[in-house]
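Working notes, structure below.
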Amino acid sequence: MADIRDYITLSKTASSIVDTYSIPDGFKEFYKKVSSNEKKSLLRHFIVNNVPFAFKTKPILYEQLTQYIADKLQIAPSEVKLIGSAKTGFSISPPPYYGNNFGSHSDLDFSIVNEEIFNDMEGEFQNWANLFREKQITAYNETEERYWFQNLDSGAGQIRNGFIDTHLIPNRDLFVTTKKINNSMWLIKKYLEERHKLIVKKASASIYKSWGSFAGRLNRNTENVMKRV
């Protein structure tokens, strides 16, 4: 049973955190020193709920982006989050990438948490997989075909864990939701550069069935990285 006293009795490290953003060494120290029941809150503070580092001087621009994605998909803006180095200011990826600063080489990694959209994406993945196996849809070249074979396993594994990265499904007219999301990501990259001089490598999206699947992936990935740095 949850006891409020267990939640508001903070560790010394947790009590010391007052800033919106961190630095690689600081984040690593915080994560390894806070108590086990404070780690999820630490991640929500630095990775999920704060204004993204990439938009800290233009926070309303970020809100407009999430509103755009929400309006395109007819979901709530609160169901759209930006994570990754654009959120924290540095990469929380396995070595040797941990700590790399956000820049023009970085991605905008959007997370969309909506069961209906996830179900649509799952259906499109299964449709693509069946068509590909039956040779009713073909890749444009050998490189794409090689990725498609990899995506069959990757996509199935992700779906079992309650999420799917949209790049695992071809951007073809047949897959309506996938194409809508991927085209929106392309337009975000294009117009951020043209209108605001914010240059990134690409914008991408991952779709989650629930907040539990979103948090589960974030927690697992961060724990894996922290064991290696």
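Numerical summary
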quantity	calculated
Of the criteria (1) open to solvent by 50 Å² or more (accessible area, probe 1.4 Å); (2) modelled with pLDDT of 95 or more, which one residue 6 fails	(2)
Selected residue [farther than 20 Å from residue 217 by Cβ, open to solvent by 40 Å² or more (accessible area, probe 1.4 Å) and modelled with pLDDT of 95 or more] from 41, 15	15
Inter-residue pairs, beta-carbon under 7 Å, first over 19 Å from residue 113 (Cα atoms) and in the range 197-224, second open to solvent by less than 20 Å² (accessible area, probe 1.4 Å) and in a loop (DSSP other than H, G, I, E, B), 6+ apart	200/106; 201/106
Cβ-Cβ under 9 Å pairs, at least 6 apart or on other chains, the range 64-77 side more than 15 Å from residue 114 (Cα to Cα), far side aromatic (Phe, Trp, Tyr) and open to solvent by less than 90 Å² (accessible area, probe 1.4 Å)	65/55; 65/110
Test result for residue 165, closer than 24 Å to residue 70 by Cβ, among the charged types (D, E, K, R) and open to solvent by less than 30 Å² (accessible area, probe 1.4 Å)	yes
Criterion: of a type in the set (Lys, Arg), part of a helix (DSSP H, G or I) and closer than 27 Å to residue 159 by Cβ - qualifying residue of 87, 135, 81	87
Condition met for residue 191 (open to solvent by 60 Å² or more (accessible area, probe 1.4 Å), assigned to a helix (DSSP H, G or I) and over 16 Å from residue 83 (Cβ atoms))	yes
Cross-chain or 6+ apart pairs with Cβ under 9 Å, the range 159-173 first and without any contact (Cβ under 8 Å) to a residue 12 or more places away in the chain, then surrounded by 15 or more Cβ atoms within 10 Å (Cβ to Cβ)	173/179
Residue tally, condition open to solvent by 30 Å² or more (accessible area, probe 1.4 Å) and among the aromatic types (Phe, Trp, Tyr), over the range 44-77	2
So residue 34, is it without any contact (Cβ under 8 Å) to a residue 40 or more places away in the chain and touching a helix residue (DSSP H, G or I) at 6+ places or on another chain (Cβ under 6 Å)	yes
Residue satisfying all of: in the range 209-229; part of a helix (DSSP H, G or I) and of a type in the set (Lys, Arg); least open to solvent (accessible area, probe 1.4 Å) among these	217
Number of positions in the range 104-151 that are farther than 30 Å from residue 47 by Cα and either in contact with a helix residue (DSSP H, G or I) (Cβ under 8 Å, 6 or more places away or on another chain) or open to solvent by 60 Å² or more (accessible area, probe 1.4 Å) (or both)	20
Residues that are among the aliphatic types (A, V, I, L, M) and either in a strand (DSSP E or B) or modelled with pLDDT under 95 (or both), drawn from the range 195-208	203, 205, 207
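The values are calculated or read from the model by the stated rules, or taken from the named source; none is laboratory data. For clarity, every value in this text was computed on a predicted model and none was experimentally measured. All Cβ positions, even for glycine, are placed from backbone atoms using ideal geometry, and neighbour counts span all protein chains on display. Surface areas here come from the heavy atoms of the whole protein model, side chains and all, with no ligands, DNA or RNA. Shrake-Rupley method; radii C 1.70, N 1.55, O 1.52, S 1.80 Å.
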